[in-house]
Amino acid sequence: MAVITNEEINNIRSKANIVDIIGSYLPLTQRGRNYLCVCPFHDDHSPSMSVSEEKQIYKCFACGNTGNVFTFVENYEDVSFLDAVMIVAEKCGISIDKSLIKNNKVVSNKEEFEIMNLAEKFYQNNLKTEFGTTALDYLNKRGISEEFIKEFGIGLSLDNSNTLYNLLLKKKYNVGELLDVGIINQSDDRYYDMFTRRITFPLWDKDGNVVGFSARIYRGEKDTSKYVNSRESKLFKKGETLYNYHRARDFVKLEKSVIVVEGFMDAIRLFVGGVKNVVALQGTALTKEQISLLKKLHSKVILCLDNDSAGENATLSNGEAMIKEGLEVYVIRLSGQKDPDEYVLANGIEAFKNNLVNPMTYFDFKVNYLKKNRDLSNTNDLAVYVNQVLEEVANSKDDILIELTLKKISEEYNLSLEVLKEKVKGLKKVNSHDIKTVKKVNILKKDAYMLSSDKIIYFMLNGGEYIDEYQKKLGFFDDAMHREIANEIIYYYQKNNDINPPDFITYVSDKETIRDNVMQIVSDGIDDDVSIEIMDGYLNRVDKLMIKNEIKKLKIELKNETDANKKIKILDKIAELKKAN
Ligand SMILES: [Zn+2]
């Protein structure tokens with residue numbers, strides 16, 4: 001059902017200059033014939049990404065991320081390939097029918113989302129009825145105005161335990177579906193609403209679809225828990241969402257930071273006060289999925305968890321986990337009230353904003369944390385503390401931070417700066433050794449045949465004359481990978497009568513088996529000149545290597561052959577091949 005053709009996509013690509021598009025996200029500096037920038041796809045400290053205007057390709061020399069203009073937008077904005085095409089088109093002022101692309105998107109769980117939307121509307125409407133007066137009062141007293149009740153879809157579940165259930169049945173949904181999305185409960189053969197007598201707060205997935213609810217009491221009931229949350233369901237996976245993520249995204253881009261709080265009330269409180277780049281983790285420990293959501297925001301993270309020892313420990317473990325993933329982490333520890341919600345209610349939003357001006361680095365937080373429960377006038381305690389700090393220092397890539405910290409420790413505890421520096425040097429060696437061994441395992445070394453074959457493929461992507469040259473002089477690869485790519489190239493050229501590396505990347509973007517290899521080959525060629533003479537060099541080389549390989553195979557055959565006549569035939573073949581080589 002693809003309604004936008006490859007031809008149209010290639011047309012958009014040819015009108016979009018990759019330098020302008022990447023330049024609209026990141027500052028670029030020209031260096032020789034390419035442009036350089038800091039890579040947004042890994043924890044980059046020096047410009048590692050090269051953008052070629054001539055080839056319309058980008059490549060990070062550190063993490064290997066590479067592709068054409070669409071690949072960049074796809075990765076940077078974390079959107080689908082077609083959405084990336086649309087964004088690029090828009091940036092170049094090309095209008096395309098958006099509905100075409102929407103139709104092509106896979107909409108899954110449509111029915112389930114409809115149920116959740118109906119539930120949300122039902123709850124919201126209850127607030128406006130006579131049953132909602134007390135709840136509305138409660139919300140207003142807590143400083144949540146009509147505007148934000150609407151913005152956050154806050155509603156009310158009624159005292160009667162099957163109003164929503166009956167309503168949804170009337171809408172032709174069946175019990176199984178309602179149980180599946182966790183909007184009703186079952187006890188024996190009786191079904192009833194999951195939420196009653198509570199104010200409801202919708203929970204969204206990363207794209208802003210309602211996937212569950214959190215509901216709290218509001219009339220001071222003592223015999224029940226303060227909050228009830230949706231159970232895990234097909235839609236609601238608690239560890240895979242961050243409260244307010246979809247709404248905060250644009251504000252994170254503006255502020256270049258994302259504030260992470262524990263509870264959704266903290267997030268709402270900050271948002272209402274105008275601090276809108278906030279998400280809540282809805283618990284204390286960040287999951288792997290939540291960290292990867294944060295990574296996609298390409299901004300620094302400010303952890304502002306509860307003001308208790310659980311919050312402090314969570315700051316440490318979450319900070320550690322995020323640093324490991326290459327995120328830049330800062331910490332705010334509030335004092336006085338137990339969480340950001342109460343802090344703002346007691347001190348006002350401006351007081352909170354003051355904390356944002358100069359948040360401490362995660363490193364400083366950790367160094368302070370390590371001091372806890374230690375008597376640093378005691379030599380043993382001091383030694384343990386200093387060693388732990390040095391370990392931290394050794395992990396840091398920031399030379400200035402290292403220098404300053406070591407100086408501070410040396411002065412504060414009267415230790416020799418030289419000795420401290422030596423120690424860090426030693427620790428760093430151990431660390432970098434670890435990294436090198438990992439890298440070595442990851443990068444499979446290509447042999448001469450593979451390297452030259454890569455080059456031939458690269459030349460073939462640069463025009464029909466190179467494809468002809470391949471067919472005339474070689475016409476075949478020994479290995480399946482290059483053979484398959486060459487066949488795709490020939491097929492593509494026959495169909496389009498034109499070929500270039502960035503458009504071919506678009507073409508293979510949904511061909512999983514060859515995509516990564518093609519990207520790799522194209523990015524390796526980012527600085528290569530192309531001419532028939534250079535290509536002939538590689539064609540000759542591969543031809544010779546293939547013959548050599550053939551001879552090798554025949555020699556093994558010869559060794560295993562017992563029939564004298566057949567042996568002679570093999571020897572003839574070998575002689576012939578040797579002559580040709
Ligand atoms: Zn990179």
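Computed from the coordinates by the stated procedures, all read-outs in this text should not be read as laboratory data. Everything numeric here is computed off the predicted structure, so don't read it as measured data. Cβ sites come from the backbone with ideal geometry, for glycine too, and all protein chains shown count toward neighbours.
Give me the percent of DSSP beta bridges within the chain that run antiparallel, rounded to the nearest 5. Roughly 75 percent of the beta bridges in the chain run antiparallel, per DSSP.
Which of the chymotrypsin sites (Phe, Trp or Tyr not before Pro) across segment 463-570 are loop residues per DSSP, with 16 or fewer other Cβ within 10 Å?
On the way: sites: Y466, Y470, F476, F477, Y491, Y492, Y493, F504, Y507, Y538; in loops: F476, F477.
Qualifying residues, ordered by number: F476.
Give, rounded to the nearest 20 debye, the magnitude of the charge dipole that the chain has about its Cα centre when Lys and Arg contribute +1 at Cβ and Asp and Glu contribute -1 at Cβ.
Value, rounded to 20: 900 debye.
Would segment 475-516 count as rounded, prolate or oblate if I go by the C-alpha gyration tensor, calling it rounded below 1.5 in a/c and otherwise prolate when a/b exceeds b/c, oblate otherwise?
Note, shape of segment 475-516 comes out oblate.
In this structure, the residue pairs whose Cα-Cα separation is over 27 Å, taken from K296/K408; K338/K372; K222/K372, are K296/K408; K222/K372. Annotation: amide H-H contacts under 5 Å for G212 (H modelled 1.01 Å from N, sequence separation of 5 or more, or interchain): L203. Give the long-range amide H neighbours of V278: residues separated by 5 or more places, or on another chain, with amide H under 5 Å away, using H modelled in the peptide plane at 1.01 Å from N. Amide H neighbours of V278, under 5 Å, 5+ apart: I259.
Using θ = phi - 60° in the Karplus curve 6.51 cos²θ - 1.76 cosθ + 1.60, the 3J(HN,Hα) couplings for segment 36-46 round to 10, 8, 6, 5, x, 9, 8, 6, 9, 10, 10 Hz; x is entered for Gly and Pro. Restricting the calculation to Cα atoms, segment 120-279 yields a radius of gyration followed by a Dmax of 16.1, 52 Å.
Computed log10 I(q)/I(0) for the chain at 0.06, 0.08 Å⁻¹: -0.48, -0.79, from the Debye equation with unit scatterers placed on every C-alpha and solvent omitted.
3J(HN,Hα) along segment 299-305: 9, 6, 10, 10, 7, 9, 8 Hz, from the Karplus curve 6.51 cos²θ - 1.76 cosθ + 1.60 with θ = phi - 60°, whole Hz, x for Gly and Pro.
Please state the charge dipole magnitude for segment 139-181, taken about the Cα centre, from unit charges on C-beta atoms (+1 on K and R, -1 on D and E), reported in debye and rounded to the nearest 20. Could the numbers behind the result be given before it?
Details: 6 positive and 6 negative charges, 25 e Å.
Approximately 120 debye in magnitude.
Rounded, prolate or oblate: pick one for segment 469-581, where a ≥ b ≥ c are the square roots of the eigenvalues of its C-alpha gyration tensor, a/c under 1.5 means rounded, and failing that, prolate if a/b is larger than b/c, else oblate. Here segment 469-581 falls in the prolate category. Listed values for segment 21-34 are Karplus-derived 3J(HN,Hα) couplings in whole Hz (6.51 cos²θ - 1.76 cosθ + 1.60, θ = phi - 60°), namely 5, 5, x, 6, 9, 9, x, 10, 10, 7, 9, x, 8, 10, and x replaces Gly and Pro. When the helices of the chain are scored as -39500 (n - 2.57) per DSSP H run of n ≥ 4 and the total is divided over every residue, the value at 222 nm lands at -17500 deg cm²/dmol. Checking understanding here: applying a Kyte-Doolittle mean of at least 1.6 and a length along the axis of at least 20 Å (C-alpha), which whole DSSP H helices in the chain pass? Qualifying helices, which must be both long enough and hydrophobic enough, do not occur.
Quotient of the Cα radius of gyration of segment 291-385 and 2.2 N^0.38 Å, N being its number of residues: 1.22.
Let me make sure I get this right: for segment 215-291, a, b and c are the square roots of the gyration tensor eigenvalues over alpha carbons, sorted descending. Under 1.5 in a/c it's rounded, otherwise prolate if a/b > b/c, else oblate. Which is it? In terms of gyration-tensor shape, oblate. The residues packed around E557, meaning those with a beta-carbon under 14 Å from its beta-carbon, carry a net charge of +4 if Lys and Arg are +1 and Asp and Glu are -1.
Magnitude of the charge dipole for segment 1-159, about its Cα centre and with charges confined to Cβ atoms of Lys, Arg (+1) and Asp, Glu (-1), is about 500 debye.
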